[in-house]
Amino acid sequence: MSELTKLTIGEARDGMAKGAFTAVELTQAHLTAMEKARALNAYITETPDLALSRAEASQVRIQSGKAGSMEGIPVGIKDLFCTEGVKTTAGSKILGDFVPPYESFVSRKLKDAGAVMLGKTNLDEFAMGSSNETSASGSCVSPWTRSGDDTKLVPGGSSGGSASAVAARIAMAATGTDTGGSIRQPAAFCGIVGLKPTYGRCSRWGIVAFASSLDQAGPMTRTVGDAAIMLRAMAGHDPMDSTSAPVEVPNFEAALTGDIRGLKIGLPKEYRPEGLDPEIAALWDRGAEMLRDAGAEVVEVSLPHTKYALATYYIIAPAEASSNLARYDGVRYGLRVDGNSLDDMYRKTRAAGFGEEVRRRILVGTYALSAGYYDAYYLKAQKVRALIAEDFKTAFKTVDAILTPTTPTAAFGLGEEVNDPVTMYLNDVFTVPTSLAGLPGLSVPVGLSSTGLPLGLQLVGRYFDEETVLNVGSVLEKAAGFSALPKGLEG
Amino acid sequence: MALDKTTVANIAVLARIDVEEDRMEALAGELSGILNWIEQLGEVNTDGVAPMTSVADLALAWREDKVTDGGYQDRVLANAPEQQDGCFTVPKVME
């Protein structure tokens with residue numbers, strides 16, 4: 001592995017500023033590593049020529065003292081973000097050879113800050129999944145394996161390609177999107193940092209929509225400090241997204257003081273159900289101890305409606321998805337399968353274009369919104385969602401952040417959970433409540449399982465208080481000192 | 001709630017997705033499994049609770065009613081599976 005691919009964003013930024021290496025050398029090191037790591041299937045589309053030309057432009061800006069905050073940093077962009085002139089698939093066959101004529105707000109902001117796109121990363125189809133196995137481009141694989149066992153493991157999902165790429169050092173950082181855990185769960189599985197910002201912090205404009213009241217873009221990086229740098233470059237108000245919040249974007253990096261003395265951290269008692277893996281429970285206890293040692297006060301809190309969060313999510317998300325995905329009709333873009341009438345063309349196109357899990361969710365969502373069932377399902381779920389959000393509101397009257405496990409288990413093997421949708425859904429049990437409430441959630445790698453796989457803890461904060469979440473996260477990161485690397489990347 | 005094949009077929013029509021006849025039974029089972037699991041929400045007392053329709057506590061922004069975008073038909077049509085004379089084309093809908 002090249003020394004250059006090991007660097008953090010902060011280190012690379014300083015190295016280029018000092019002239020220790022150029023932006024072109026940095027990008028080239030990543031392109032070379034990408035070629036060698038193609039077995040991971042982390043990228044759906046690689047854009048080496050575009051990357052080198054952007055790196056050259058970055059080098060010119062660095063030398064003329066006009067470097068942006070992400071200048072020359074090689075990043076992967078999840079293939080859910082529309083990128084002008086570069087094929088965008090959403091991991092689905094239905095988008096065909098769709099080449100967006102515009103750039104998403106977030107990827108444009110990153111580009112404007114100088115980031116160099118290496119390619120488009122793999123994902124579950126339309127971001128629906130927790131293992132990256134529903135991608136029309138094939139499963140992405142984690143660079144991690146269990147000790148003494150070569151079974152191929154999932155990177156988590158839906159932002160599996162981004163997580164795998166960052167962990168395998170074939171992207172310095174990557175964008176993800178999170179609807180119910182799609183940034184945090186793969187980050188935990190791959191031993192990296194993943195931040196789902198507050199809903200409204202990053203514009204959804206130009207991101208292929210899944211569930212609009214939940215979708216949020218965020219950074220996936222190797223350190224908390226890098227997440228702070230990248231979030232600042234991604235965030236900001238956008239009039240093109242009516243739910244984008246007109247709030248100021250703070251300098252998140254400056255918030256990383258490492259001082260959490262006097263802060264109150266809550267541990268929700270409902271996140272310790274009977275049957276919680278003792279290894280996960282022990283990791284959580286260790287995390288709480290680290291924060292206590294750093295001067296925080298750790299207290300128990302209650303989020304009484306936690307057990308209903310997943311069921312609520314699996315009404316709201318499919319309902320919104322069924323509505324959002326109505327646009328794929330074979331008329332304006334993407335796949336078309338001819339039929340003998342307009343309706344027949346719609347039905348054949350959609351049957352051929354959507355994979356099993358997407359079809360399942362569209363059907364569940366259609367049912368939940370259909371006449372006679374709307375009140376029993378969708379309206380009921382929206383009411384329970386209000387109670388879940390209220391639980392957090394009450395908890396945040398007494399605590400400054402909440403600490404939980406990110407996932408109930410370590411990464412599992414390819415094909416191990418695909419046969420039962422509900423088992424797969426349980427992966428998101430600790431991340432979905434935060435999504436429903438719209439709060440920021442950060443996953444930090446804290447330890448290894450007995451089988452040698454990364455495990456993460458999640459920090460949840462108040463609305464638009466990513467600063468506290470990141471600061472507490474940086475303390476956890478330092479105390480945990482997670483330094484394990486996937487096999488083949490050590491040394 | 002257990003869905004039968006007829007109900008699944010009706011949902012598929014509403015969703016405009018063809019489902020193969022030999023997949024119908026299995027799909028009815030999968031959807032019933034998901035819906036049965038979701039039924040647990042019935043336990044929650046939501047009397048007097050207002051539905052949460054948005055996380056963002058924002059009033060929608062107003063702007064002047066004028067055209068702010070457009071004028072690039074070629075870009076709009078660039079990804080069309082079929083087009084003619086600057087329009088999207090679809091199978092005939094009127095006899």
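The numbers here are math on the coordinates, done by the rules we state, and not lab data. Keep in mind that this is a model prediction, so the values were computed, not measured. Backbone-built Cβ (ideal geometry, glycine too); neighbour counts: all protein chains shown.
For chain B, the share of alpha carbon pairs falling in successive 10 Å distance bins from zero is 11, 18, 19, 27, 23, 3 percent. Kirkwood hydrodynamic radius computed over the range A:283-430 comes to 18.7 Å, based on all pairs of distinct alpha carbons.
Taking only the C-alpha atoms of the protein assembly as shown, Rg followed by Dmax gives 23.1, 77 Å. When Rg and the Kirkwood radius Rh are both evaluated on Cα atoms of the range A:1-67, their ratio Rg/Rh stands at 1.00. The packing ranking of peptides A:58-67, A:383-392, A:38-47, highest mean first, is A:383-392, A:38-47, A:58-67, where packing means the average number of other beta carbon atoms within 10 angstrom of each residue. I'd like the distance between the alpha-carbon centres of the range A:374-402 and the range B:44-64, rounded to an integer number of Å. Between the Cα centres of the range A:374-402 and the range B:44-64 lies a distance of 12 Å. Between the beta carbons of A:Ser341 and A:Asp375, assuming R0 = 30 Å, the FRET efficiency works out to 0.35 to the nearest 0.05. Peptide A:195-204 has a mean of 1 when you count, residue by residue, the C-beta atoms of other protein chains within 10 Å of its C-beta. FRET efficiency for the pair A:Glu248 and A:Val60, taken as 1/(1 + (r/R0)^6) with r the Cβ-Cβ distance and R0 = 30 Å, rounds to 0.45.
Inter-chain Cβ neighbour count for B:39-46, averaged per residue, equals 6 (cutoff 10 Å, partner chain atoms only).
Would you please calculate the Kirkwood hydrodynamic radius of the range B:48-95 over all C-alpha pairs and express it in Å, rounded to one decimal? The Cα-based Kirkwood calculation yields 15.9 Å.
Taking every residue in B:78-86 and counting other chain Cβ atoms within 10 Å of its Cβ, the average works out to 4. In the range A:377-491, one over the average inverse separation of all distinct C-alpha pairs is 16.1 Å, which is the Kirkwood hydrodynamic radius. The distance from the alpha carbon centre of the range A:30-52 to that of the range A:72-127 is 14 Å, rounded to a whole number. Excluding same-chain neighbours fewer than eight residues apart, the lysines reachable from A:Lys66 by a Cα-Cα span under 24 Å are A:Lys18, A:Lys109, A:Lys111. With both residues required to sit in the protein assembly as shown, DSSP beta bridges show an antiparallel share near 70%. Given in Å, the Rg to one decimal and the Dmax to the nearest whole number for the Cα atoms of the range A:187-264 are 13.9, 42.
What is the distance, in nm, between label points placed 7 Å from the Cα along the Cα-to-Cβ direction at A:Lys393 and at B:Leu60? My value for the distance between the label points is 2.3 nm. Extending 7 Å from Cα along the Cβ direction at A:Asp259 and again at B:Gln84 yields two label points whose distance is 7.3 nm. Using θ = phi - 60° in the Karplus curve 6.51 cos²θ - 1.76 cosθ + 1.60, the 3J(HN,Hα) couplings for the range A:299-311 round to 10, 7, 10, 10, 10, x, 8, 3, 5, 9, 5, 5, 5 Hz; x is entered for Gly and Pro. Based on DSSP H segments of at least four residues, each scored -39500 (n - 2.57), chain A has a per-residue ellipticity at 222 nm of -11000 deg cm²/dmol. One decimal place: the segment A:Ser53-A:Arg292 gains 81.2 nm when fully extended, by the rule 0.36 nm per residue minus the C-alpha distance.
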